1. List, please: which pairs have Cβ atoms under 7 Å, are six or more places apart or on different chains, and start with a residue in the range 22-40 that is part of a helix (DSSP H, G or I) and end with one that is surrounded by 12 or more Cβ atoms within 10 Å (Cβ to Cβ) and acidic (Asp, Glu)?
2. Of all residues in the range 1-21 being of a type in the set (D, E, K, R) and not in a helix (DSSP H, G or I), which is most open to solvent (accessible area, probe 1.4 Å)?
3. Would you check if Arg36 is within 18 Å of Leu5 (Cα to Cα), out of contact with any Asp or Glu (no Cβ under 8 Å at 6 or more places or on another chain) and exposed (fewer than 10 other Cβ atoms within 10 Å of the Cβ)?
4. Answer yes or no: is there a residue in the range 47-61 that is at pLDDT 90 or above and not hydrophobic (A, V, I, L, M, F, W, C).
Amino acid sequence: MSDTLISLREAVARIDVSSADGRAGLGGLLRELEHRAPDALVQAAARVQLRAVACARVAPDEVTRR
């Protein structure tokens, strides 16, 4: 992982989303990301949803045991 990506990840992890300033900063960051990479957030959200669906699926052998 590049140093830039690690620094960005650490900076985002320190954002206090419980404060108005933190939420405003996060909103600004998301707007800038969407401006520079259109549809990047939509694609990322879709990947998260696909993972959630895959994790929520019940294995076929589990269904027959019920």
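The values are calculated or read from the model by the stated rules, or taken from the named source; none is laboratory data. Given the structure is predicted, the values throughout are model-derived calculations rather than measurements. Positions of Cβ are generated from backbone atoms using ideal geometry, with glycine treated the same way; all protein chains shown enter the neighbour counts. Side chains included, ligands, DNA and RNA excluded: accessible areas come from the protein's heavy atoms. Shrake-Rupley method; radii C 1.70, N 1.55, O 1.52, S 1.80 Å.
1. Ala40/Glu34
2. The extreme case among them is Arg14.
3. yes
4. yes
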